[in-house]
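What follows is a set of notes on a single structure, which appears directly below.
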């Protein structure tokens, strides 16, 4: 049996997908995941729901298809869970990557001059986005948590680790190099948990998982009456890099889901960004690391969800394309969707969203168009920084995620970037990346390059906007961001 099961646990849903070796979807099951907002800037999820929904999805697809060769896991990164080693129960809700509650702590550490050291070891910036300050918050704010952690009674994990622990009946407490690289505790140059970082954030090493390659023996899961090996694991954006077959230096993928994340493969040498981007582990196989430079935008598709659910501008996200095209331009309206702060290259966690340039003639169509156009402007911010960091111009952008179903977004991306945008035939690139890792572990593929030969473009968008118009639009965006900052 060569079919592969991908567990794709994201910010807004938990899914299980069974793929054929060619990337065809044979079965899929998905459940929406609720986000909780206890205070302004706080974002949480119930870990028990994450686990229950994932198990439900896996049992469902295995009931449809039957045997699979191996399981690959991919997950929302940075989201932080701490649980009791004896009971397996979380001591607090999962603190989601979007959460901003530790912004003051990050600002304090930055003011004390710690960011240079942190960035030199992790490739990251001091921001509440990452796991370290979330872990510290739980240990300091949940009664008895710090004492239990010091006594070795608690375990920490990003979502992959939490799922793995439960799928293996508590036998395996492990993560992979890509997820570890997002904790702000893992030295990605020396490939180890870093004692100096642990001291800085006051986190005991006893709660941390073992770090493995992306293809490794992660144990086996008892699902649907059978044991299935777990052979691959990667954070969602790195899984998408793999799913998009970006295995050559300079290749770029950009994923438009809840947020937008663009990664450029920069090869086997660690290089710290000079333009407020992140250097991260792209993947690690057989102990050999490939690095990536990453631009993180916290809100992409979430802006469209907000227009739908928060303002009732339209009933379905699919309506946004027709609404945007119903007007000839944005009418001078710009939407900077900084609902949970501004990510790269600004890194302003205290920022909040604005809509500006409104006039009496402005309509819901202009606001919708401005929200969709924001994805092009934000991506251009990232690509300019990547070009300055790497000295390379990507020939093409490989785009994926829910928003690429919107042809207006794809064409506007191509226009603003001045580069072709390709949308892959296998639309579920994050899940497919996890399946590829599982397939390599099970011998379905003879390495990543072999799996990459299956990549094909379903659609290609060529830039067609003239340079003067592009520059005028981007100047308006820069003014809008300037007003916010």
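The values are calculated or read from the model by the stated rules, or taken from the named source; none is laboratory data. These numbers were taken from a predicted model, which means no experiment stands behind them. Note: ideal-geometry Cβ built from the backbone for every residue, glycine included; neighbour counts use all protein chains shown.
Details
- In region 1-40, residue surrounded by the most Cβ atoms within 10 Å (Cβ to Cβ) [restricted to those that are free of Cβ contacts under 8 Å to residues at least 60 places away in the same chain and in a loop (DSSP other than H, G, I, E, B)]: 33
- Qualifying residue in region 441-449 (condition: part of a helix (DSSP H, G or I), closer than 25 Å to residue 61 by Cα and over 22 Å from the mean Cα position of the chain (by Cα)): yes
- Residues in region 421-441 that are surrounded by fewer than 21 Cβ atoms within 10 Å (Cβ to Cβ) and in contact with a strand residue (DSSP E or B) (Cβ under 6 Å, 6 or more places away or on another chain) were compared, and the one that is nearest to residue 254 (Cα to Cα) is 423.
- Flag for residue 175 being assigned to a strand (DSSP E or B), in contact with a helix residue (DSSP H, G or I) (Cβ under 7 Å, 6 or more places away or on another chain) and either modelled with pLDDT under 95 or under 29 Å from residue 256 (Cβ atoms) (or both): yes
- Subset of region 60-80 (residues that are assigned to a helix (DSSP H, G or I) and either out of contact with any strand residue (DSSP E or B) (no Cβ under 6 Å at 6 or more places or on another chain) or buried (at least 21 other Cβ atoms within 10 Å of the Cβ) (or both)): 61, 62, 63
- Boolean, residue 460 is surrounded by fewer than 17 Cβ atoms within 10 Å (Cβ to Cβ) and more than 23 Å from the chain's Cα centre (by Cα): yes
- Of residues in region 463-479 being in a loop (DSSP other than H, G, I, E, B) and touching a residue at least 24 places away in the same chain (Cβ under 8 Å), the one surrounded by the most Cβ atoms within 10 Å (Cβ to Cβ): 463
- If only residues of region 109-128 that are outside any helix (DSSP H, G or I) and in contact with a helix residue (DSSP H, G or I) (Cβ under 9 Å, 6 or more places away or on another chain) are counted, the one that is nearest to residue 199 (Cα to Cα) is 114.
- Residue in region 136-152 that is buried (at least 24 other Cβ atoms within 10 Å of the Cβ), in contact (Cβ under 8 Å) with a residue 60 or more places away in the chain and either in a loop (DSSP other than H, G, I, E, B) or touching a strand residue (DSSP E or B) at 6+ places or on another chain (Cβ under 6 Å) (or both) present: no
- Checked against the criterion of being over 23 Å from the mean Cα position of the chain (by Cα), within 28 Å of residue 294 (Cα to Cα) and crowded, with 22+ Cβ neighbours inside 10 Å, the candidates 203, 188 yield just one match: 203.
- Verdict on residue 427 being modelled with pLDDT under 95 and within 20 Å of residue 336 (Cα to Cα): no
- Within region 212-230, the residues that satisfy the criterion of being at pLDDT 95 or above and either buried (at least 24 other Cβ atoms within 10 Å of the Cβ) or out of contact with any helix residue (DSSP H, G or I) (no Cβ under 9 Å at 6 or more places or on another chain) (or both) are 214, 215, 218, 230.
- Those strands (runs of 3 or more DSSP E) of region 261-349 in which 2 or more residues are in contact with a strand residue (DSSP E or B) (Cβ under 6 Å, 6 or more places away or on another chain) and without any contact (Cβ under 8 Å) to a residue 60 or more places away in the chain occupy 288-297.
- Residue 163 touching a residue at least 12 places away in the same chain (Cβ under 8 Å), surrounded by 23 or more Cβ atoms within 10 Å (Cβ to Cβ) and either on the phi > 0 side of the Ramachandran plot or assigned to a helix (DSSP H, G or I) (or both): yes
- All of (1) in contact with a strand residue (DSSP E or B) (Cβ under 7 Å, 6 or more places away or on another chain); (2) in a strand (DSSP E or B); (3) surrounded by fewer than 16 Cβ atoms within 10 Å (Cβ to Cβ) hold for residue 249 with one exception: (2).
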